[in-house]
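Written out below as structure tokens is the structure these notes cover.
The values are calculated or read from the model by the stated rules, or taken from the named source; none is laboratory data. Just so we're clear, the structure is a prediction, and the values are computed from it rather than from any experiment. Note that each Cβ is placed from the backbone with ideal geometry, even for glycine, and that neighbours are counted across all protein chains shown.
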Amino acid sequence: MIHDLRKAYPLSWLVRIAEVNRQGYYKWRKKCNQTSSRQQENQVLKKHIVAIHKSRPYYGYFRMVIALRHKGYTVNHKRVYRLMKELGIQAVIRKKRRRFGKEPSLVQPNRLERNFKATAPNQKLATDITYIRFNQQHIYLSAIQDLFHNEIVAYQLSERNDVKLVLDTINQLTKKVDETETIIHSDQGFQYTSTSYNKRLEELGLSGSHSRKGNCLDNACIESFFSHLKTEMLYITQYKSIEALYQAIDKYIAFYNNERFQKRLNNLTPIQYREKMAV
């Protein structure tokens, strides 16, 4: 009431009639100004959060904090969590899938033993195949990931899940890196336990490594990449043709390597981390 009547009457009269001290009035007004400023900041942050969520609906509050920081807003994660809750925004939850193995023919020892930490590029690689459902058929993605910086260093797409697919992926890898003294880890899928695959590794000087049968955690890094790919792209978009699907996968892998920051890499992208560590 004092604030509303202040323009018409002297402040000294109003505080005397209301039986409050002048200092208390000024303290109240300062708090109101701060609250108003905070509300304005929250409105700006909410607009950015909505915009980020539209382009990256799989970001939870932690990744949203990093995305806001890249836009110049340093915000506490608790505040971001509260604002996202007020907006009704929630990250897309990744789906889990079960794996069923086939009878192996040539099994290598598990040389990684879930030690996914590498001290240099091209020291430890992980590879696997995932299927992508398109209309009434499956598209197969074979990928190789460098565990030093999580970069996808080679990948191939095919409508057939066969040994040729993994050999083509290996051949793509050899064009990019020096593969000597490198461990390449996979599950016990029939492609990776085939004679031709293991023979190719031997020719290139690569040391093969296999997960325990039916244990996806032994190859968790590449499994995590496939999960992100499906959650962040495939589950939220419908593709009208195989060509459009292929182009989207190419685009996502380029985004994953060049733009998608990761907590394990000190919030850098795989390419940024590799370049930083090379300095």
Query raised in the report: Among the residues of the stretch 186-195, is there at least one that is in contact (Cβ under 8 Å) with a residue 60 or more places away in the chain, part of a strand (DSSP E or B), touching a strand residue (DSSP E or B) at 6+ places or on another chain (Cβ under 8 Å) and among the small types (Gly, Ala, Ser)?
Result: yes
Report task. May I ask you to list the residues in the stretch 223-239 that are of a type outside the set (Phe, Trp, Tyr) and in a loop (DSSP other than H, G, I, E, B)? Result -> MET233, THR237, GLN238
**Report entry** Some residue of the stretch 225-235 being surrounded by fewer than 19 Cβ atoms within 10 Å (Cβ to Cβ) and without any contact (Cβ under 8 Å) to a residue 40 or more places away in the chain
**Finding:** no
Query raised in the report: Taking the stretch 59-88 as the region of interest, how many residues are in a helix (DSSP H, G or I) and within 12 Å of HIS48 (Cβ to Cβ)?
Result: 10
Query raised in the report: Which of (1) β-branched (Val, Ile, Thr); (2) within 18 Å of CYS216 (Cβ to Cβ); (3) modelled with pLDDT under 90 is the odd one out, the single condition VAL44 does not satisfy?
Result: (2)
Report summary line: Taking the stretch 196-224 and the residues there that are among the acidic types (Asp, Glu) and surrounded by 15 or more Cβ atoms within 10 Å (Cβ to Cβ), the one that is farthest from VAL166 (Cα to Cα) would be ASP218
